[in-house]
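Worksheet: the structure to be examined is printed underneath.
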Amino acid sequence: MKLHITVPSPYARKCRIVAREKELAVEEVVVDPYASDPRLVAANPIVQVPALETDDGVLTDSPVICEWLDVTGSGPRLLPADGAERWRVKRLETLANSGLEMGVKRVLELRRPEPERSASWLARWTDNLNRVLDRLEADPGIAAGLPLDMGRITAGVLVTWVGFRHPDLNWDKGRPRLIALQTELEARSSFAETRPDAG
C-alpha cells in the first residue's frame with residue numbers, strides 16, 4: 001500500500017494516524033500537489049492528497065481512506081459498523097471535517113495576492129470555523145478519557161492544524177475541553193509521529 005501525502009495536510013494526517021493505530025504497513029509517499037507531481041496525478045486526477053494505492057485500486061477522500069484502513073487493520077473499530085454509535089461518531093467526524101474545509105479555504109484565500117483577496121469570504125470562513133470549534137467544544141464526544149474513534153481523531157487533527165496554519169485565530173481561547181483533547185491525543189505515538197510541523 002502507498003499513501004500519497006504532504007506532511008502538513010490534515011487530511012493526510014488523519015489517514016497516517018489511522019494506519020498507525022490499525023497497525024498497517026503503509027508506505028508514505030511525499031508529493032507536491034502544486035507541482036502536479038506525476039505520481040499523484042497518476043493516483044488522483046484532481047491532484048489532491050491523500051490518495052491510497054491498494055491492490056484493488058486507488059482510494060481518495062480521507063473519510064473513505066480512513067474507513068478502509070479501519071476495516072482492513074487490526075484492533076477496535078474507530079468507526080462503529082452500524083447503529084446509533086456509528087452515526088454519533090460520523091456526526092463528530094463530519095463536523096470536524098467541515099472545520100478543516102473552512103480552514104483550508106482560508107489558507108488558499110490568504111495565498112492569493114493581497115489585492116485579489118476577498119475580505120468578505122475570509123470573514124465568512126473564519127466565522128464558520130469558529131462556530132465549528134465552539135460546537136466541538138460543547139460536544140460530549142470530545143470529553144477526556146473516552147475511547148479513540150474517528151470523530152475524536154478528526155477533532156484532534158483539526159485543532160492542532162488550526163494552531164499550525166492559523167495561529168492568529170487563538171483557537172484555544174475559551175475552549176478548555178478541546179485543549180484537553182489535544183493534549184491527550186498528541187501524547188499518542190500515532191499523533192506525535194505525524195505532526196504537521198515535522199517536515
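The listed residues are E23, E53, and the only one of them that is closer than 22 Å to L148 by Cβ and modelled with pLDDT of 95 or more turns out to be E23.
Condition check: farther than 17 Å from C66 by Cα and more than 15 Å from the chain's Cα centre (by Cα). Does T183 satisfy that? Yes; evaluated as a whole, the condition is true for this residue. Out of all the residues in the stretch 28-45, is one or more in contact with a Leu (Cβ under 7 Å, 6 or more places away or on another chain) and acidic (D, E)? The answer is yes, given that some residue of the stretch 28-45 is in contact with a Leu (Cβ under 7 Å, 6 or more places away or on another chain) and acidic (D, E). Among the residues of the stretch 106-151, those identified as within 17 Å of the chain's Cα centre (by Cα) and β-branched (V, I, T) are V107, V132, I142. The conditions of being surrounded by 19 or more Cβ atoms within 10 Å (Cβ to Cβ) and within 16 Å of R177 (Cβ to Cβ) are not met by A144.
Of the residues making up the stretch 69-80, just one is of a type in the set (V, I, T) and either over 13 Å from E21 (Cβ atoms) or free of Cβ contacts under 8 Å to residues at least 12 places away in the same chain (or both), namely V71. Among residues of the stretch 165-187 that are surrounded by fewer than 17 Cβ atoms within 10 Å (Cβ to Cβ), those with a beta-carbon under 6 Å from a residue that is in a helix (DSSP H, G or I) at least six positions away or on a different chain give the pairs D172/I179; R177/E137; R177/I142. Of all residues in the stretch 32-68, which are under 20 Å from I17 (Cα atoms) and either outside the structural domain of K14 (by TED's automatic domain parsing) or not in a helix (DSSP H, G or I) (or both)? If the condition is that a residue be under 20 Å from I17 (Cα atoms) and either outside the structural domain of K14 (by TED's automatic domain parsing) or not in a helix (DSSP H, G or I) (or both), then Q48, V49, P50, A51, L52, E53, T54, V58, L59, T60, D61 are the ones that fit.
Residue-by-condition table, conditions (1) assigned to a helix (DSSP H, G or I); (2) among the aromatic types (F, W, Y); (3) surrounded by fewer than 19 Cβ atoms within 10 Å (Cβ to Cβ):
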position	(1), (2), (3)
R88	yes, no, yes
G99	yes, no, no
K105	yes, no, yes
P115	yes, no, yes
W125	yes, yes, no
N128	yes, no, yes
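Look at the stretch 96-116: where a residue is in contact (Cβ under 8 Å) with a residue 12 or more places away in the chain and a partner is of a type in the set (G, A, S) and surrounded by 14 or more Cβ atoms within 10 Å (Cβ to Cβ), sitting 6+ places away or on another chain with Cβ atoms under 6 Å, you get A96/A155.
The values are calculated or read from the model by the stated rules, or taken from the named source; none is laboratory data. All of these numbers come straight from a predicted model, not from anything done at the bench. Note: ideal-geometry Cβ built from the backbone for every residue, glycine included; neighbour counts use all protein chains shown.
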